[in-house]
Every structure is written in structure tokens, then in C-alpha cells.
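What follows is a set of notes on a single structure, which appears directly below.
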Amino acid sequence: MSLSPGTKLGPYVIESPLGAGGMGEVYRAKDTRLGRDVAVKILPAHLSQNPEVRERFEREARAISSLNHPHICTLYDIGREGDADYFVMELLDGESLATRLERGPVKLDEALKIAGQIADGLAAAHRQGIVHRDLKPGNIVLTKAGAKILDFGVAKLKEEQVVDMATRTTPLTSMGAMVGTVQYMAPEQLEGKPVDQRADLFAFGALLYEMVTGQRAFPGQSQASVIASILTTEPRPVSEVIPTSPAALDRVIKTCLAKDPEERWHGAGDLARELKWIAEGKPDPVAKAKRGSSREKVAWSAAMAFLLAAVVLAFRSPTRAEKAIPTTRFSVVPSQGTLEGPPVVSPDGRFIAYVLNPEAGNPGLWLHSLETGDAKPLNGTEGARQPFWSPDGKWIAFFAQGRLKKVALTGEPPVKICDAADARGGTWGSGGDILFSPTAASGLFRVSAAGGTPAVLTRNDASAGEQSHRMPTFLPDGKHYLYTASGSSDRGGVYWATLGDDKRKRLLPDITGAKYDERGYLVFRRGGALMAQGFDPDRGELRGDAAVIAADVGTDPQITAADRFSISRDGTLALRKGASEQMRLTWMDRTGKALGMVAPEHSLFEPAFSPDETHLAAGGTLAGATEGAVWIVDLRPGGQISRLTFGKREAETANFAPDGRSVVFSEPTEKGFSLARKSTDGTGEEETLVVAQHPIWADGVSPDGKFVICEQYEPETGSDLYLLRLDGSHEMVPYRKTANNETHATFSPDGRYVAYVSDEQGIADIFVETVPASGSRWQVSTGGGDQPAWRADGKALYYMNINRMLTEVEIKSTSPLTLGAQHPLFRLVVPTVSLTGPRTFFAVTRSADRFVVNTLVGDQGKPGFDVALNWEPPVAAK
């Protein structure tokens, strides 16, 4: 019923409406006896017309009216006027928590404060045997005096209605107040079982989860799906949504949301005290006890690991008069998946970021807290590689899907900074600039951390044998920086340079990557050892002798040539464990079982079969060779491996022509980058097909031998696809040229289609398009896909998904193209790569019963990393 201003309900005069919900209409009114403003709620007719319900409500209302607590909205009175039942409440000046949550999550400290007040109110009600049964954001009002819980007076009255309505599948947006009720109901309520105060604690857990994360603990598109979620699933831990949240908060909420009431907190008072403990920043006593135990274990295991693996860090006491802070050493081995790439310590030494390929879910960035020992993923960082920190430690930058991105530790989605097709490292300076290498064969670029168009910072001196500038590292002043030049022995190594100045100084010849320790040391890897040497960052001068600080740290076959270590400002050192890793071409069946070795340990990539499958072409470096080349592997019994190209720079992405008599490949040249062709029998000179200023790769030759489909990188547009004519004109015809990155193109066996990778949807996925490009295309993968390959009969397509799973896609028809079911086959054990790089790790036979796979051998990334707190370099390095 609707009441107009001036209507009297006993001594209360209606002044204006305040709102309406599933449990009635609420009005602002004046208590004429006491002269105070109140809120009057009119109960729905279907409740007030039931004598038994009215009697029970009046009985409970008398008990509730006795509650006098600063965080419970006081129930003053109940009454009946004609056919209308009403109750009178304290009039609150504030907004509901539901309204507040429409603006997003509540800051953690404020959320803990509000939650503690709600828990205090619940505890007061529970002590008098009163259960709310309908705790939700709409029943919490935030006032200047704190949080206030509403509607204790109608909770039990509503219970029968809720259980009856809960099984309906009406969309959530059309159910009014019932939506909130179902979202926060305990399993026993949904099942129609008797409830007690522990049902309120379940609702409290769901409410607290939503306050902190801004997300519902149990989302769904219908009431049925919400109910199913509450009964059968667990919400994502808060620490996954908000990585910087306290570990103890996960335990509090998880205990509240236990399906079995016996496993929940037994009292709201205990819960309130726990929240107060967290809010005060005190360590969680349970977690602390567990960490103490686990740290004793890791201390022993770390000591044994350092001794047995000969990775003993040469820590020595500093020669200072004052008492030194002792060094603490331990090992971290992620239990959730496979570590990929180096650990990166935050500037303040509190966190370590790394890329993890979990046993379930997508590979991405994880954050390990050195204060709590907890590890949690950073959402939205799928496909991440080569992370590096902002100077203030609030952001992590990384490369993924052909882009440079950054993600805040507060849990917001990552933000794109700029394109970076196939990056080779980055660094974030104190002045707000980021230096990075966008491709494997470029100089360094400079871009604002806020985003924008990158500007060229350095250029390779190709005439002097330089192939690339990579792995930059800002020095503390934000003006000087280090980087690595790859190429000839007389130009390669670590350089010191200054922003805005073309002058540079070579510090360490033949060294790949160096990091600066702000206590005055340059740390770098030489061979298999980690070294330290005194260094003046302002003058770019090395001092003293280099000293070994860790032996047998190993090398990476990763295409990024990534370091294995990181150092924070306070002397925290993180060192990737493991001996040397090697690659090997291996025969595998459809289950991933190894059937035999194709070639010995090496760093060969892009395996490609000859048309008759008697030979294999691959680009890279064979064990014992000093330069990269195209190699031909004779797969017949007694066959040998022979070198096809003899250029001064690494050749790659080799593909056979349809007749098998020649191979098209890509290689850097003194003038830039080129595509070339050479006879497979080794006779004759290489024929240059095209020369480009920027990197270009050959992806495949058309079945009729008339075109090479290739990908070319341009700083403005990223990687694009072109058709190179082989009719003598060598004309480059754009095939797929957009603002996105298109890579890894391959012709279908009949030449009618091209499968390729595009990151137009924010993550690299597989698409198929007609030849010539007509706009008709099909998406093959969702959520990440790389390296498409056709079966020779055109009846299947293969690709590597974001979890490194080799996946087979049935092709039911090619007129028109009709895709069938997808079948995951086996997981590829390969290095971390960008989904937009040119690397390919497998080749499929005509029968598709066997594959040649480029797989890691030896250390496969499973070990973790060593951490040294308060590390001091050896005296010899000073």
C-alpha cells in the first residue's frame, strides 16, 4: 500500500517515502509523542494477513526491541492500523552498503572497520538468541557513527518465503529483494534446514568478500545458478583478486563460507576479534605458527640444496665496525605449477614476481610475499613474460600478447602501455620512463610509463656486427642505464649509456645482462657463475676484481636470454636455481610419449618437414656451433645433420618449397633483415628475395610455390602479414595489415586458407581466413592460441594453447570451412615465449600419429629459486 504525506499510523505521521523493497515500503515519519524523526516500514499484505506470522513477528519484535547496540538499528515500536502492520525504526542518515558497493570495492582498512562493526552487532544479537537470517548489503546502512544493521525484525518472518522462492530460475535482475537474499543465504537455508547464528556468519562472509573485492562471492545469471554455486563451489580466494590483502583475511572468509555449519566460526564475537587483529596489522597467529614451522623446514632444505647442488652463495661478514645484520638464506619452490623465467624482486624487497605455469589455469604473473610466504596470482596477466618493477614498487610491467603492459598490486586489470611484438627486456626509471627492446633484432625504445608512442633511443650498428640492443637496466639516477648489445665479439657485451647522449661505454665484453646493486656493485653472470664487481654508476667505471658469489647457476635456452637473478635496494637477492637447460628435437606420439631423439641437444627451432617427410629443416644453433644457421636433418636410417647456410648471423624460420628442392628462410643482414632462398642440396649461392629495414620472418610457402607468407614488424603497427611473390618480381602484397599483431601464418594444404595468430581481442588466438583475404574468417581458439599447423590432408589443424597443450581441431569441411571438435593431446615442455614471436616448437606428420617436438631436457623449470636477505657481496668485489 502507498501512503501519502500526513497519513497517521497511531502516533506516527507520514512525511515522505524513503524506499520500497520485497519486505514492504519505508517512510520517513514523525513520532508525535516524542517529537523525533523515525522510519516506518509497512509490511506486505501477504504477510500481515497471516495471523500466525503476525503473532510470531510480534513475539520476536519484543525481543529485538530490547537490543541496544551502536551497530544495530533500534526497533522502537510495532503496530497495526486498519489492515496495515508496521514497525517503527531508528531513522538513519547515511547510505546503504549496497549503494556504496555500486561504486566498487571498499578500501581494505575501511572494509575491515565496517566488517568489525557488523560482527559486533551480530554478536550482541546472537547473545540474546536472535538470528538475523537475511544479512546482506541492503540491510547495512553506513552512517557517520558507523555501520548499522537493519531488519532484524523481519528476518524470520521472511524465511519461509525465501526457501520457497529460492528454487525459481527467474533472472536475477527481476527478482527485487529476493536477489540479495539468495546471494547471501547459507546452504542449510537453501536446503530448508533449521538455521542458527552460523547462517548469519555465512552471509557475513559473503558480504565481507564483496566489500573487499567488489565481486559477489557466488555469482550467477539465475537464482538456480546462484544456488548451485553456493551449494557446490568455492569462491576465488580474496588474495587472488586483491594480491596485497592479508593472508589471514582469506582464512577468515573461507571459514565463514564453509558449507558445513560446524566448520564455520562458532561465534560472531570471535570473528569480530579476528577482524580487529587483522585491522591492527598484527600477524596472524595461526599463519605465523605455520610459517615458523615451514621456515625451519626450508632453512634445512635450503642448506642441503646449496651444498648438494654446489649453488652455495659465498656470503661473507662485512668489514664494518658496527654489528652487521645477519644474512638469511632459504629456497622457494612453487607448489602450484612450473616456474618460468627469472624471479624479480620488488625495489623494497617485500615481494618477488615471477611467471608461473600452474597445474590448473593459465600461465601468468604470480606475487610471492617475503613477509608472509604466501604466493598469489595477478589476474589478467595471462601469457606474461619478462616482468620488471616500477621504482615505487606499486606496479609490475610485463610483456604479453605483443604488448608492453603494467599491472597494479591493488588488483585492477592490466593497462596497455604500447606495442612490443617480440620483446627482449625492459626497465622502469625513476623519471617515469620505460626503456625496452621491442623485438629480437632492434635497438632500444623509450616510452612513458603512462603510455604513448615509443621513441627510438638506440640503433644497432649493423655494419659493425651488432644484431640487437636488449635487456636495459636503469641506474638509480634515472639518467644512466645499462644494456646488452648482441652480435660480433668486438661489439657485444654490457654497455653503460646516458639518456639524451649518443656516447656509450662497453663495460663487460661477451656478457649477457647485468644488474646494479645500489650498495655499489655490478652483478652479472659469466659462464655458469654469478659474479659481483665494484661499480661507479655515475661514471660508468668498474672497480676492483670480480668475485664469484654463486657457482653453477646455469643458463637458459629461452629466446629472451633472460637473467636468472634479481636484486632489491635493500640487498635481497633472488637467484633462479638449476643447471644448464638444453633443447632437443624429439619424436612423440599423440599422448606425448617420447619415441626417440631426432637430433642431439641443441637450440634449434621451427622444425618443418620436407614434402616427402624424409628431411627436416630447422633454424638455430647446433651444439658445438658458434653461429646460428639453417640445418637439414636427414630422417632416414643413418641420416646425418648438415648445415645449409653459412651467413655471419643467425638464420631461422626455414620452410621447404612444395617440390622440396629449396628452403626459404629469414636472417639479419648488414643492411637490415632479409628473406632468402637456397637449394636443399647445398649447391649455389643464397638468393635474396627481399630486404627490409625491420625484422621479417618467413612463415610458409604456398602449395603452388607462388608465394611466401611472411610476417614483418613495423614500430607503428606491430607485426603484419604479407604475401611475397616468387615470380621474380618479389613484390610484397599486404595480406593482413592492422593495428594489431598478426603472426605465425601458414597455408592450408589446398592453398585456399591461411591460419594465423592475431591479438585483436587482447590475447593471441588462432584465426583462419580465405586466400586472397576476403573478410571471411573463422576463430579457432579462445583464451589463447599459438603456432597453428595444418595436417597434410587438410582435415585437422593443430595449435599450442595458452597452457602449452598441443590441441587438435577437426575440420569437417573446407567448402565452406567447418570446424569440428577440439581434442587436447599432450602438454609441450617448451621455454616461455611470446605468443607473437616467430618461434615454433612442433611439426606434425602427414598421418598425425607422430610429432617432432622441440622440448626442454634436463632442468625443465620445475625447481624454484634461492633467496638471500641482507646479502653482502664478497670482500674481493669491493
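The values are calculated or read from the model by the stated rules, or taken from the named source; none is laboratory data. Quick caveat, the model's predicted, so the values are computed rather than measured. Counting neighbours? That spans all protein chains shown, and the Cβs are built from the backbone with ideal geometry, glycine included. With ligands, DNA and RNA removed, areas are computed over all heavy atoms of the protein, side chains included. Shrake-Rupley method; radii C 1.70, N 1.55, O 1.52, S 1.80 Å.
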**OP:** At least 2 residues that are over 22 Å from the mean Cα position of the chain (by Cα) and hydrophobic (A, V, I, L, M, F, W, C) in each: list the strands (runs of 3 or more DSSP E) lying fully within the stretch 714-803 that qualify.
**Re:** 718-725, 732-736, 742-747, 753-758, 765-770, 785-790, 796-801
Subject >> Filtered residue count, the stretch 404-431, keeping only those that are within 26 Å of Arg564 (Cβ to Cβ) and among the β-branched types (Val, Ile, Thr) >> reply: 3
**OP:** Take the stretch 347-370 and flag every residue that is within 11 Å of the chain's Cα centre (by Cα), open to solvent by less than 10 Å² (accessible area, probe 1.4 Å) and at pLDDT 80 or above.
**Re:** Ala353, Tyr354, Val355, Leu356, Gly364, Leu365, Leu367
**OP:** Go through the stretch 1-20 and give me each residue that's at pLDDT below 90, part of a strand (DSSP E or B) and open to solvent by 50 Å² or more (accessible area, probe 1.4 Å).
**Re:** Pro17, Leu18, Ala20
**OP:** Take the residues in the stretch 323-346 that are among the β-branched types (Val, Ile, Thr) and touching a Pro at 6+ places or on another chain (Cβ under 7 Å), then tell me which one is modelled with the highest pLDDT.
**Re:** Val344
Original post:
In the stretch 376-416, what residues are under 28 Å from Ala248 (Cα atoms), in contact (Cβ under 8 Å) with a residue 60 or more places away in the chain and either touching a helix residue (DSSP H, G or I) at 6+ places or on another chain (Cβ under 8 Å) or outside any loop (DSSP other than H, G, I, E, B) (or both)?
Top reply: Lys376, Pro377, Asn379, Gly411
Subject >> Number of positions in the stretch 131-162 that are hydrophobic (A, V, I, L, M, F, W, C) and at pLDDT 85 or above >> reply: 9
Original post:
Among Thr818, Thr855, which is over 30 Å from Phe665 (Cα atoms), in contact with a Lys or Arg (Cβ under 8 Å, 6 or more places away or on another chain) and either modelled with pLDDT of 90 or more or open to solvent by less than 30 Å² (accessible area, probe 1.4 Å) (or both)?
Top reply: Thr818
**OP:** Please give the strands (runs of 3 or more DSSP E) falling wholly within the stretch 481-527 in which 2 or more residues are among the small types (Gly, Ala, Ser) and open to solvent by less than 60 Å² (accessible area, probe 1.4 Å).
**Re:** 493-498
Original post:
Got at least one residue in the stretch 217-240 being in contact (Cβ under 8 Å) with a residue 40 or more places away in the chain, under 26 Å from the mean Cα position of the chain (by Cα), under 30 Å from Gly364 (Cα atoms) and buried (at least 24 other Cβ atoms within 10 Å of the Cβ)?
Top reply: yes
Subject >> Filter result (farther than 14 Å from Pro476 by Cβ, assigned to a strand (DSSP E or B) and among the charged types (D, E, K, R)) within the stretch 528-555 >> reply: Glu541, Arg543, Asp545
Original post:
Of everything in the stretch 390-407 that's open to solvent by 10 Å² or more (accessible area, probe 1.4 Å) and modelled with pLDDT of 90 or more, which residue is nearest to Ile352 (Cα to Cα)?
Top reply: Gly393
**OP:** Taking Val407 as the residue in question, decide whether it is of a type outside the set (Phe, Trp, Tyr) and over 24 Å from Glu340 (Cβ atoms).
**Re:** no
**OP:** Return the residue satisfying two criteria in turn: it lies in the stretch 585-605 and is within 23 Å of Ser662 (Cα to Cα) and at pLDDT below 85, and of such residues it is surrounded by the most Cβ atoms within 10 Å (Cβ to Cβ).
**Re:** Leu604
**OP:** Test each condition in (1) in contact with a strand residue (DSSP E or B) (Cβ under 7 Å, 6 or more places away or on another chain); (2) in contact (Cβ under 8 Å) with a residue 60 or more places away in the chain for Ala420 and report the one that comes out false.
**Re:** (2)
**OP:** Could you run through the stretch 673-688 and say how many residues are open to solvent by 10 Å² or more (accessible area, probe 1.4 Å) and in a strand (DSSP E or B)?
**Re:** 6
Subject >> Residue within the stretch 804-813 that is modelled with pLDDT of 90 or more, among the charged types (D, E, K, R), open to solvent by 30 Å² or more (accessible area, probe 1.4 Å) and part of a strand (DSSP E or B) present >> reply: yes
Original post:
Of all residues in the stretch 228-271, which are in a loop (DSSP other than H, G, I, E, B) and among the hydroxyl-bearing types (Ser, Thr, Tyr)?
Top reply: Thr233, Thr244, Ser245
**OP:** Select from the stretch 638-672 the residues that are of a type in the set (S, T, N, Q) and part of a strand (DSSP E or B) and write down the one among them that is modelled with the lowest pLDDT.
**Re:** Thr669
Original post:
What tally of residues in the stretch 689-701 results from selecting those that are surrounded by fewer than 21 Cβ atoms within 10 Å (Cβ to Cβ) and in a loop (DSSP other than H, G, I, E, B)?
Top reply: 2
Subject >> Those strands (runs of 3 or more DSSP E) lying entirely in the stretch 29-130 with at least 3 residues over 17 Å from Val141 (Cβ atoms) and at pLDDT below 90 >> reply: 75-81, 84-90
